Amino acid sequence: MLSQDLRRSFLNYFKSQGHTIVPSSPVVPHDDPTLLFINAGMNQFKDVFLGKSKRDYTRATTSQKCIRVGGKHNDLENVGHTSRHLTFFEMLGNFSFGDYFKKEAIGFAWDVSTHVFGFDPNKIWVSVFRDDDEAFALWEKHISSKRIVRFGEKENFWAMGDTGPCGPCSELLYDRGESYGPAKSPVEDATGERYLEFWNLVFMQYSRDLSGKLENLPKQSIDTGAGLERVASLKIGENDVFQTDILRGLIAQVEEISGKKYDRQNPILAPAYHVIADHIRSLSFAIADGVQPSNTDRGYVLRKILRRAVRYGRMLGLQRPFLADVLPRLVSSMGDDFPELKLAKTRIAEILTLEEEAFIRTLLRGGQLLSQVIERSQKMAQKITGDDAFKLKDTYGFPLEEIVLIAKDENLSVDMTRFEKLEEEAKEKSRKAHKTASQEFDANFFNDFTKTHKPNQFIGYKDASSESSLIGIVVDGKFTDEIQAGQEGLLILDKTPLYPEMGGQVGDTGQIAKGANVFQVLDCTTPFPGVIAHLGKMESGVLRKNDKIHAEIDAVRRAEIQNNHTATHLLHWALQQVLGPHIKQAGSLVDDKRIRFDFSHHKSVTPAELRQIEDLVNEKIRSDLPVQIYELSYNEAQKRTDIKQFFGEKYGEKVRVIDIDFSKELCGGTHTSRIGTIGFFKITKESSIASGVRRIESATGKYAEQFVQQEEDLIQSLSSLLKAPVQTLPEKLQSLLEDNKLLTQELKVLKRGQLKQLLEKCLSRKETVGSIVLVAEEVQVDAEELNGFADDILQHLKSGVVALGVKIGERCQLVVAVSPDLVQKNIHAQALIKEAAPFIQGGGGGKQNLAQAGGKDPLGLPKALEKIRHILKETKC
C-alpha cells in the first residue's frame with residue numbers, strides 16, 4: 001500500500017539519521033485540557049519545546065494521528081465537499097530538541113522529498129520568511145534561487161502563543177502545472193492550488209517576551225510536519241485526497257455495503273462516500289484512544305461526527321447501522337501500524353452501532369419534521385426559521401450545532417436571531433420555575449482573609465491531631481471574634497489534621513477544643529484556595545479568635561474512608577483488567593460507608609463481569625500488600641507509563657503517587673497502609689448515569705458484610721414464604737411462574753368469553769336516535785380495555801356511535817367512538833366528549849373517531865350518556 005510504504009519509509013529514513021521513532025500519541029491530549037484533540041505532530045512534545053520536561057533522546061520522528069474539528073481548525077462542515085479537507089489525517093514529522101537546526105533540517109527535507117517521496121526536484125519550490133537570509137542561503141545549496149520565494153509573518157512565521165517560543169518557517173511546495181492555474185510562482189498563486197504546500201519546517205529560534213522583543217533561545221529546535229494524505233495524493237498525481245489508497249479503500253467498502261457505485265463526479269452522492277470514509281477514521285481512532293460519544297466536550301464532537309456520517313449514509317439508502325461494517329477495511333489497512341485499532345475493534349464496533357441505533361431513533365421521532373423543515377426552507381428563503389430550529393432542539397433533541405451543520409449540508413442558513421430569542425425566553429421560564437436559595441459563600445468572601453494570612457496547612461497525612469491556632473471564625477456568614485455554645489459556624493486553623501473534601505473524598509469530621517470548650521466538626525471543605533474550613537456546631541463553652549486549640553479527627557471514620565479510597569484504586573485496576581484498558585475514571589465519591597465510582601464504558605457490565613471484578617479486588621485484598629506513598633516531580637511522573645493520570649487534571653510541580661505494586665495512581669487523598677485492612681469488597685449496584693458512562697456502587701469491611709447479610713436475610717425470608725429450602729428456590733419460583741402463566745391464559749379465555757357476552761348484550765340494546773344507531777351503556781370492563789371494547793362494538797355496527805362509561809372506584813371513565821361515515825357527516829367523537837364530560841366533573845379529548853374523558857363523579861355517567869343521546873337526536877344528517 002502506498003500510504004503504508006510512505007509512512008514506514010519516512011520513519012525509517014529518519015531512524016537511519018539518528019532519530020528515535022516515537023509512536024503516535026493518542027488523539028486525546030494527555031496533559032492539555034485546552035485542546036480537544038491532538039491536531040499537530042508537535043503536541044506530544046510541547047513540554048519538551050518549552051523546557052518543562054526532557055526525553056532520553058534529542059531527535060525524534062513520528063507519524064501522528066490528528067483530528068481537526070474544533071476552534072480555528074474546524075474542518076467538519078467542509079469535509080466531503082472539497083478535495084482536501086479531512087477531520088482525520090496523519091502528520092509525518094521530524095523533531096530536534098536542541099540538537100540540529102536549519103542546515104540539517106533543510107538537508108533532510110530535500111533528501112526525503114526527492115528520494116523517499118520521489119518527487120521531481122524540478123517541480124519543488126520553497127518559501128522562507130522574508131528576513132531569513134540564513135534559510136535562503138541553505139536552500140540555495142539544493143535548489144535554484146529562482147524557486148525560492150519570501151513571504152511575511154502571516155505565512156512564514158510560527159509562534160506557540162503571544163509569548164514564548166517562536167521562529168521562522170520554511171514551506172516546501174509542489175508545482176502541479178498549468179492545469180491548476182497560470183501563476184508563475186507561489187507569490188502569484190493566491191489560492192495555493194497550483195503550488196501545493198506539502199511540508200512545513202518550523203525553526204524554533206526565538207523567545208518573545210511581553211513587549212514583543214525577540215531573543216535567541218539557548219537551545220534552538222526543529223518541528224516539521226508533512227500531511228501523509230497530501231503527500232500520497234501528489235505521489236499519484238491526484239488533486240483529490242479521497243482517491244488515495246486508504247480512503248479509496250474505505251469508499252469501496254461503502255460501495256459494497258450500500259450496493260451503489262461511487263461516481264466521483266456526482267455532486268450529490270460523492271460527498272456522502274467522502275464523509276463516511278473520513279469520519280470512520282476519526283470515530284475509530286478516537287474511540288480506540290478512550291473517547292466515548294456523549295453530550296459534552298470531546299464526546300459531543302464525536303457524536304456530531306457520527307451523526308453526520310449516519311445522515312450521509314441515508315443518502316446512499318443505508319437506513320440501518322452500517323459504520324461497524326466499514327470498520328474491518330480500516331483495521332486491515334491501518335491496523336498493522338496502529339495496533340490499538342486491532343485491540344479495540346470489537347469495542348469500536350459496539351459503540352458505533354449503539355450510537356447509530358440511538359440516533360436513528362431520534363430521526364424516527366423528529367426526522368419527518370426535519371424533512372419538512374428542510375423542504376419548506378428550500379422553497380422559501382433558503383433559511384431555516386428560528387421557530388423551526390428551536391422546535392427541533394427543544395422537542396426532538398437536535399443540538400443547535402447539528403442543526404447548523406445540517407443546514408450547511410443542504411445549502412441553507414439558520415435564523416439565529418429568532419432562535420436565540422426563543423432560547424432566552426425558555427431559559428427565563430426555567431429560571432422562574434427553579435428559583436433556589438444558595439447557602440454557599442461568594443467566591444470573594446475569603447479573598448481579604450487570604451491577603452493577611454498564610455495558606456492553611458494540612459498535616460493529616462501523618463498526624464491524627466494537632467495543636468493549632470484558631471485564626472478565623474465565621475458565624476451567620478460574617479467573620480467574628482468568637483463562637484458560643486449552640487451556634488453553628490465555620491472555623492479556620494493555621495494547620496489542621498482534618499482532610500478537606502476534594503478529589504471525590506469527603507471531608508473529615510472530628511473536634512476542635514480548648515479544655516471543656518468543644519466545637520464539633522461535621523464537615524471540612526476548601527471554599528477558597530489556601531483556606532481549609534471546618535464546618536460544625538459549638539457544643540459547649542466558647543472559642544475565641546487566636547485561641548490555642550487541640551484539633552482531632554474522628555479516627556475510626558477516617559480509617560473507614562481510607563480503606564474505601566484505596567479500594568477505589570483497586571476497583572479502577574480491576575475494571576481495566578476485566579473490561580479493557582479503555583476504562584477511564586469519570587468521577588467518584590468516597591465516604592466512610594460506601595464507594596461510588598463512575599467510568600467510561602459503552603454498555604452495562606454483565607453479572608459475570610461484576611463477579612470477576614469483585615473476585616480480583618478481594619484476591620488482592622487477601623494478598624495484604626503494603627501501600628507505598630511518595631512524591632515525584634510531575635515531569636518524572638509524566639515519563640512513567642505505569643502511573644495513572646487523569647485527562648484535564650491540573651497537577652503541581654510535585655505529585656503524590658499511591659503505589660500498590662500492580663496499581664499506581666496520582667492521588668491527593670488519604671489511604672490505608674496495607675490493602676489487607678480493607679477486609680472485604682462487595683459491589684452493591686451497577687447502573688448507567690449518562691450515555692457512555694457507567695456507575696458502580698460498592699462497600700467494604702463491615703458495611704460490605706451488612707449488605708451480604710441483608711441479601712442472605714432476604715433469601716431466607718423468600719425461603720420461608722415459599723416453604724422451600726434455599727437450594728431449591730430457583731426451581732420453586734420457576735414452577736410458580738409456569739403456574740401463573742397458565743392461570744393468566746385461563747383468565748384471558750374467561751375474560752374473552754365474558755366480553756363476548758357483554759358485547760352481545762350491548763348490541764341487543766342498541767337504539768336508533770334520529771337516523772343514527774347508538775349504543776350507550778355503563779359497562780364493567782377494565783379501564784385499559786374500554787377503548788378496544790368500544791371499537792369491537794363499532795365494528796359490528798358498521799355505522800353508528802358507541803358511548804360507554806365505566807366506574808373505577810370513586811372515579812369514572814367515558815369513551816365515545818364514531819364510525820368513519822358519520823365522521824364525514826361532521827359527527828365527531830371529541831365534540832361529543834366535550835359536551836358530556838362536565839356531567840362527570842371531568843375533561844378529556846381525542847380524535848374525530850375516538851375520544852375519552854376521565855371524571856371524579858361516577859354518579860353522573862347516566863346524565864353524560866343521556867347528553868350524548870340528546871345531541872344525536874338534535875343532529876340532522
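What follows is calculated from the coordinates using simple rules that are stated; it is not laboratory data. Keep in mind it's a predicted model, so treat the numbers as computed, not measured. Positions of Cβ are backbone-derived with ideal geometry, glycine not excepted, and every protein chain shown enters the neighbour counts.
Points to keep in mind about this one:
- A Förster distance of 45 Å, applied to the separation of the beta-carbon atoms of D661 and K807, puts the FRET efficiency at 0.05.
- Compared with the alpha-carbon gap, the fully stretched path from L364 to K15 is longer by 120.3 nm at 0.36 nm per residue.
- Sequence-separation-based contact order of the range 1-134, relative, with Cα cut under 8 Å and 6+ spacing, percent: 24 percent
- If both residues of a DSSP beta bridge must be in the chain, then about 90% of such bridges are antiparallel.
- Once the chain from H81 to A831 is taken as fully extended at 0.36 nm per residue, the excess over their C-alpha distance is 264.6 nm.
- Structure-derived Cα extents along the principal axes in Å: which label, when the choices are [x] 94, 79, 50; [y] 109, 89, 58; [z] 96, 71, 68: [y]
- Each label was represented as a point 7 Å from its Cα along the Cα-to-Cβ direction; for Y180 and L343 these points are 3.8 nm apart.
- FRET E, pair D713, I689, Förster distance 25 Å, beta-carbon r, rounded to 0.05: 0.30
- Part-to-part distance (alpha-carbon centres) for the range 319-360 and the range 817-831, which is given in Å: 53 Å
- FRET efficiency for the pair Q378 and A783, taken as 1/(1 + (r/R0)^6) with r the Cβ-Cβ distance and R0 = 45 Å, rounds to 0.45.
- Among T452, I473, F89 - extreme Cα towards positive end, dipole of the chain, charges at beta-carbon: F89
- Among the GluC sites (Glu not before Pro) in the range 742-836, those located in a DSSP loop and surrounded by at most 15 other Cβ atoms within 10 Å of their own Cβ are E810.
- Only lysines eight or more places from K620 in sequence, or on another chain, were considered; those with a Cα closer than 22 Å are K584, K593, K644, K664, K682, K685, K702.
- Sparsely packed trypsin sites (Lys or Arg not before Pro) within the range 285-381, loop by DSSP, other Cβ within 10 Å at most 14: none
- Estimated distance in nm for a label pair at Q824 and S673, the labels positioned 7 Å out from Cα along Cα-to-Cβ: 9.2 nm
- Membrane-span-like helices of the chain, defined as complete DSSP H segments with a Cα extent of 27 Å or more along the helix axis and a mean Kyte hydropathy of at least -1.0, are identified as 270-288, 297-315, 339-379, 555-579, 701-722, 729-764.
- Percentage relative contact order, the range 101-197, counting C-alpha pairs under 8 Å, at least six apart: 26 percent
- Between amide H atoms placed 1.01 Å from N, distances below 5 Å from K495 occur with Q457, S469, all of them 5 or more places distant or on a separate chain.
- A crude spin-label estimate for the pair T296 and L721, with each label 7 Å from Cα along the Cβ direction, gives 3.9 nm.
- Value of D in µm² per second that Stokes-Einstein yields for the range 277-348, Kirkwood Rh from Cα pairs, at 25 °C (0.890 mPa s): 196 µm²/s
- Full-extension gain in nm, I268 to K219, via 0.36 nm per residue minus C-alpha separation: 12.4 nm
- Rounded if a/c under 1.5, otherwise prolate or oblate - the range 510-651, Cα gyration tensor axes: prolate
- Max-minus-min Cα coordinates of the range 10-148 on each principal axis give 43, 43, 32 Å, with the largest extent listed first.
- Over the chain, dividing the summed -39,500 (n - 2.57) contributions of all DSSP H runs of at least 4 residues by the number of residues returns a 222 nm mean residue ellipticity of -12500 deg cm²/dmol.
- Within the range 704-854, percent of DSSP bridges classed antiparallel, to nearest 5: 80 percent
- Normalised by the number of residues in the chain, the mean separation of alpha-carbon contacts (under 8 Å, six or more apart) gives a relative contact order of 6 percent.
- Cα centroid separation - the range 112-141 against the range 589-628, whole Å: 58 Å
- Cα centroid separation - the range 150-185 against the range 680-746, whole Å: 68 Å
- Fraction of beta bridges assigned by DSSP in the range 766-874 that are antiparallel (%, nearest 5): 80 percent
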